[in-house]
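Here's the structure, in structure tokens; my notes come after.
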């Protein structure tokens, strides 16, 4: 529509859900809707596996760094008690809040903050409380979808504290460097590749890492 600074995109997940997203002009969004749907399906399936194997989702909360417009948040919220999503770009924060409300997600909150600064505050305080409600979050799973340069040292230190790390990477070299640190405490449990840019060298890597020695359900 002329005069609008956004378009509405509808995605259909493998589990039958239909999610609607407001995509703002000039802001980041996934370029390939079909592959994005596949990625969201893989993420949901991975969270179900994590819960079935280790019980870390329904018994805990999700921390999502670099959440963008809530693309992953809207799909994953139903797998957790609560979700705290962090994003620096204020336009994307507004879009994420709109998308959560539009899709009926009531257990997720978006924080407008640089991920590195947020991680430093959590590391210093050892806990995160919602400033508005003083509600505490018990993070057991962290999802990161960083820019091409990967995770900085502070963020790497934070994510290694959690039982499971789900890492979406668009930069293979940065991922390789980050993995050298992450495999000291975690091991790769699941992996997938997503070709958002067909016929180009660029490919997105999705990894699920689980803390070494984490007790399995029934063990």
| What nm value, rounded to one decimal, do you get for the distance between residue 215 and residue 81 when each label is placed 7 Å out toward the C-beta? | 1.7 nm
| Using the C-alpha gyration tensor of the chain, what are the square roots of 5 times its eigenvalues, in whole angstrom, with the largest one first? | 25, 21, 18
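Taking the number of other C-beta atoms within 10 Å as the exposure measure, put 200, 8 in order starting with the fewest.
The order, fewest Cβ neighbours first, is 200, 8.
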| said: I'd like the distance between the alpha-carbon centres of region 139-209 and region 33-47, rounded to an integer number of Å. | reply: 16 Å
| request: Can you work out the PRE-style zone for residue 135? Point 7 Å along Cα to Cβ, and I want the residues of region 34-62 with backbone N under 17 Å. | output: 58-62
| said: Given N residues in region 1-89, what is its alpha carbon radius of gyration divided by 2.2 N^0.38 Å? | reply: 1.18
| field | For the chain, built as a Gaussian network whose Cα springs stay under 10 Å, the top-fluctuating residue of 132, 198, 75 | value | 132
| Relative contact order (percent) for the chain, with alpha-carbon contacts under 8 angstrom and 6 or more residues of separation? | 17 percent
| field | Gaussian network model of the chain, Cα within-10 Å springs - most flexible of 192, 95, 164 | value | 192
| request: Calculate the tail of P(r) for region 156-219: the fraction of all Cα-Cα distances greater than 17 Å, expressed in %. | output: 44 percent
| Antiparallel content of DSSP bridges confined to the chain, in %, to 5 | 55 percent
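Quick note: the coordinates plus some simple rules give every number you see, no bench work behind them. The structure displayed is predicted, hence computed values, not measured ones. When we count neighbours, we look across all protein chains shown, and the Cβ atoms used for this are built from the backbone with ideal geometry, even at glycine.
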